[in-house]
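Got a structure here, written out as structure tokens. Questions coming.
The values are calculated or read from the model by the stated rules, or taken from the named source; none is laboratory data. Predicted model, so just to flag it, every value in this text is computed and none were measured. With ideal geometry, Cβ positions are generated from the backbone for all residues, glycine too; neighbour counts draw on all protein chains shown.
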Amino acid sequence: MPTKTAEEQALLGEQDVRNVAKLARLDLRADEIVRMAAELSAIVGYVQKLDELDTSDVPPTAHVRLARVALRQDVPRPCLSHDEALAEAPRVAHEGFAVPAFVDD
Amino acid sequence: MNSWLARPISDIVAAVTRGDISAEEMARASVAAIEKKNPSLGAFLTVSADMALEQARAVDAKRARGDKLGKLAGVPIALKDALCTRGVATTCASKILTRGERGWQPPYDATVVARLKAADAVLPGKANMDEFAMGSSNENSAFFPCKNPWDRSRSPGGSSGGSAVAVAAAMTSGALGSDTGGSIRQPAAFTSVVGVKPTYGRVSRFGLVAFASSLDQIGPFAADVRGAARVLEAIAGHDENDATSLTDTVGAYESACDKSPRGIRIGVPEQYFAEGLDADVAISVRAAIEELGRAGCAIVPITLPHTAYAVATYYILATAEASSNLARFDGVRFGLRVEGARATLADMYGQTRDAGFGDEVKRRIMLGTYVLSAGYYDAFYLKAQRVRTLIRRDFERAFAEVDVIATPTSPVPPFRLGERTSDPLSMYLADVYTLPASLAGLPALSLPCAPTPARDDRPLLPVGLQLMAAPLDEERLFTVAAALEKIFPARSLPPGD
């Protein structure tokens, strides 16, 4: 995927907002899409301030201090019971979480 | 009874241990104070009187048996509603964790909640916040805004506004909040209490509803520095349930409060006193730094050249992480579910999330999804990660010369409710002084300094001084903060309390 230029990135149109909303699993209403296009364009315009900096020789920081992570013993231990795990589910069927029928697309 | 709630935490523990007051009396006093003050302040979403009383009676029974009491015996502590409490509603101030009137009831306690209970604290309620900790004013709560007890037309800050107000208005004696970009420090500054964001990884986040996992950290609020130190000692330390939690030994934070600050080098970065800083806040913060000089600290001008890029960096990284973390709210396992007739699975996801999330949360999920999407990842997300490295290096260089960095916590005193809600970017810019420490994973603390003077257009308002230190150097923060606390008179309760 080609990297977009600054101008292409600066403005989000309504179609861009609809595409992102689909990826984010948000069924935005029509009025939300209009408002979101304006608000996100302003924020995206602002964060392009980072382009002022030359970072070609700078490594990325994903996480601070991860070098010291301690892993726990890989041994089984008690976990939530089936009933506890299902207790807050909006809909339960056949002792599992129930979802609408779907077909992989 | 109220007077006990406003006492330093160490005094309460001593009184409960001696038997001057029972833990049950403390719990009842706290619940009564919440019931009296919460209707006008909006600091609590849930009052957990049963949980508080049950724990309090257990503490009193322990004392009656002659057992040693914990270091927070009988101390009422408020919990931000992002912390899981077994069987007690946990909503993150969001409709998506609420079905009808009922909030999600987690099947387990967060590690910090378990540790507070083990230290014999009593937990009377769940504090209001910006939805999913996204906001700097508490106005993004899906239920009701929290108000600043110093001026009820103003914001208490956010996102841990309810936790700060619980302590500021003496409804509880301490509180826990979470800080991703300033969400403990800024509300502490706005309400004249002490708030601490520990080093990234110092406190377990198991059971904290995740916002931005490379930044989130839990920390305490208290009316005094020593109280905050004691609560942090109780909750800090390794937890095998959080892979990012550090194995380093927990510091002696409370005894650090008794040390002399003499000889500690305090760095003052020019970038934090530049354009945009309120003139009254600047006067107050500079006066506090001068007092540290008189107390024997060396005051050293320093530079943190990439400070101006922190807001842009943070709002790319935090929203990217949030867009992923909040994918779990899908209407399947807990909380709200919206599903029209003949809805497909995708319809159910989209409808549930549109109905359940508020505007700011949607905005951040959208921004985060956008900066991670194909074609934009390098330009935004990777770029921000590289600038994060530059911000970290600024601090590494600074801490080669100084021990602690002192700045304002917020560029402005508490703003009016509604003043910034129509312009999301102006709200983000309010976090300019707290974001850098979050991005670098540093410990940072806010404590009250002299309030701004009353003027025609605003009353006397709290001001916070922020202190930052190198990773795991919390003890030095407490030494400097405790010294400054002796110079500035003890915080008084806001008018009307």
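From B:375, B:368, which residue is at pLDDT below 95 and either within 11 Å of chain A (Cβ to nearest Cβ) or in a helix (DSSP H, G or I) (or both)?
After ruling out the rest, the residue left standing is B:375.
Considering (1) surrounded by fewer than 22 Cβ atoms within 10 Å (Cβ to Cβ); (2) assigned to a loop (DSSP other than H, G, I, E, B); (3) in contact with an Asp or Glu (Cβ under 6 Å, 6 or more places away or on another chain), say which one residue B:354 fails and leave the rest.
Failing condition for residue B:354: (2).
Let me ask another. List the number of the failed condition for residue B:421; all other conditions in (1) in contact with a helix residue (DSSP H, G or I) (Cβ under 8 Å, 6 or more places away or on another chain); (2) modelled with pLDDT of 95 or more; (3) of a type in the set (Val, Ile, Thr); (4) over 30 Å from residue B:227 (Cβ atoms) hold.
(2)
In addition: Is it true that some residue in the range B:82-89 is assigned to a strand (DSSP E or B), touching a Ser or Thr at 6+ places or on another chain (Cβ under 8 Å) and either over 19 Å from residue B:38 (Cβ atoms) or not β-branched (Val, Ile, Thr) (or both)?
The initial filter retains those residues of the range B:82-89 that are assigned to a strand (DSSP E or B), namely B:83, B:85, B:88.
Then keep just the ones that are touching a Ser or Thr at 6+ places or on another chain (Cβ under 8 Å); that gives B:83, B:85, B:88.
Checking the rest, the ones that are also either over 19 Å from residue B:38 (Cβ atoms) or not β-branched (Val, Ile, Thr) (or both) come to B:83.
Yes: the range B:82-89 contains one or more residues that are assigned to a strand (DSSP E or B), touching a Ser or Thr at 6+ places or on another chain (Cβ under 8 Å) and either over 19 Å from residue B:38 (Cβ atoms) or not β-branched (Val, Ile, Thr) (or both).
Separate question: Of the residues B:268, B:285, which is within 28 Å of residue B:216 (Cβ to Cβ) and among the hydrophobic types (A, V, I, L, M, F, W, C)?
Result of the check over B:268, B:285: B:285.
For the range B:427-444, does any single residue satisfy the condition of being in contact with a strand residue (DSSP E or B) (Cβ under 9 Å, 6 or more places away or on another chain), modelled with pLDDT under 95 and among the charged types (D, E, K, R)?
Applying the first criterion (in contact with a strand residue (DSSP E or B) (Cβ under 9 Å, 6 or more places away or on another chain)) to the range B:427-444 yields B:433-434, B:436-438, B:440-444.
Filter once more, keeping what is modelled with pLDDT under 95: none.
Within the range B:427-444, none of the residues are in contact with a strand residue (DSSP E or B) (Cβ under 9 Å, 6 or more places away or on another chain), modelled with pLDDT under 95 and among the charged types (D, E, K, R).
Conditions: (1) out of contact with any Ser or Thr (no Cβ under 7 Å at 6 or more places or on another chain); (2) under 30 Å from residue B:338 (Cα atoms); (3) buried (at least 20 other Cβ atoms within 10 Å of the Cβ). Residue B:29 meets all but one. Number of the miss?
(2)
May I ask you to say which residue of B:428, B:433 is buried (at least 18 other Cβ atoms within 10 Å of the Cβ), closer than 19 Å to residue B:184 by Cα, of a type in the set (Phe, Trp, Tyr) and within 14 Å of another protein chain (Cβ to nearest Cβ)? Give the steps one after another, and end with the answer.
Values: B:433 fails: within 14 Å of another protein chain (Cβ to nearest Cβ).
The match here is B:428.
Also, I was wondering about something else. Just to check your reading of the model, which residue among B:179, B:216, B:151 is among the acidic types (Asp, Glu), crowded, with 24+ Cβ neighbours inside 10 Å and under 25 Å from residue B:285 (Cα atoms)?
On the way: B:216 fails: under 25 Å from residue B:285 (Cα atoms); B:151 fails: crowded, with 24+ Cβ neighbours inside 10 Å.
Unique residue meeting the criteria: B:179.
Examine the range A:50-61 for a residue that is assigned to a helix (DSSP H, G or I), at the interface with chain B (Cβ under 7 Å from one of its Cβ atoms) and either closer than 30 Å to residue B:106 by Cα or in contact with a helix residue (DSSP H, G or I) (Cβ under 8 Å, 6 or more places away or on another chain) (or both), and state whether such a residue exists. Reasoning before the result, please.
Looking only at the range A:50-61, we keep the residues that are assigned to a helix (DSSP H, G or I), and these are A:50-52.
Now restrict to residues that are at the interface with chain B (Cβ under 7 Å from one of its Cβ atoms): A:50.
Add one more test, that the residue is either closer than 30 Å to residue B:106 by Cα or in contact with a helix residue (DSSP H, G or I) (Cβ under 8 Å, 6 or more places away or on another chain) (or both), and what stays is A:50.
Checked against the condition, which is being assigned to a helix (DSSP H, G or I), at the interface with chain B (Cβ under 7 Å from one of its Cβ atoms) and either closer than 30 Å to residue B:106 by Cα or in contact with a helix residue (DSSP H, G or I) (Cβ under 8 Å, 6 or more places away or on another chain) (or both), the range A:50-61 yields at least one hit.
Further question: Take the range B:219-238 and flag every residue that is closer than 20 Å to residue A:69 by Cβ and crowded, with 21+ Cβ neighbours inside 10 Å.
B:235, B:236
This table checks each residue for (1) in contact (Cβ under 8 Å) with a residue 12 or more places away in the chain; (2) over 20 Å from residue B:395 (Cα atoms).
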residue	(1), (2)
A:18	yes, yes
A:27	no, yes
A:47	no, yes
A:54	no, no
A:58	no, no
A:69	no, yes
A:74	no, yes
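Being more than 8 Å from chain B (Cβ to nearest Cβ), modelled with pLDDT under 95 and in a loop (DSSP other than H, G, I, E, B): is that true of residue A:104 here?
yes
What is the number of the single condition among (1) more than 7 Å from chain B (Cβ to nearest Cβ); (2) of a type in the set (Asp, Glu); (3) in a loop (DSSP other than H, G, I, E, B) that residue A:88 does not meet?
In the conditions (1) more than 7 Å from chain B (Cβ to nearest Cβ); (2) of a type in the set (Asp, Glu); (3) in a loop (DSSP other than H, G, I, E, B), residue A:88 misses (1) alone.
Of everything in the range B:65-121, what is of a type in the set (Asp, Glu) and in contact (Cβ under 8 Å) with a residue 40 or more places away in the chain? Give them in sequence order.
At the first step, the residues of the range B:65-121 found to be of a type in the set (Asp, Glu) are B:67, B:81, B:101, B:109, B:120.
B:81, B:109, B:120 - these are the residues of the range B:65-121 that are of a type in the set (Asp, Glu) and in contact (Cβ under 8 Å) with a residue 40 or more places away in the chain.
Any residue in the range B:197-206 that is away from chain A (no Cβ under 14 Å), buried (at least 24 other Cβ atoms within 10 Å of the Cβ), within 12 Å of the chain's Cα centre (by Cα) and touching a residue at least 60 places away in the same chain (Cβ under 8 Å)?
no
Given B:59, B:16, B:47, which one is under 24 Å from the mean Cα position of the chain (by Cα) and at pLDDT 95 or above?
Just one listed residue meets the conditions, B:47.
Pull up the range B:94-107, narrow it to residues that are farther than 15 Å from residue B:210 by Cβ and in a loop (DSSP other than H, G, I, E, B), then point me to the one that is farthest from the other protein chains (Cβ to nearest Cβ).
Selected residue: B:101.
Moving on. With the structure loaded, tell me whether residue B:229 is of a type in the set (A, V, I, L, M, F, W, C) and under 10 Å from the mean Cα position of the chain (by Cα) or whether it fails that test.
no
Would you mention how many residues in the range B:239-255 are surrounded by fewer than 22 Cβ atoms within 10 Å (Cβ to Cβ) and either over 20 Å from the mean Cα position of the chain (by Cα) or closer than 13 Å to residue B:478 by Cβ (or both)?
Adding up the residues that qualify gives 9.
For residues in the range B:381-397 being facing chain A (nearest Cβ under 7 Å) and touching a residue at least 40 places away in the same chain (Cβ under 8 Å), which is farthest from residue A:17 (Cα to Cα)?
Once the filter is applied, the top-ranked residue is B:392.
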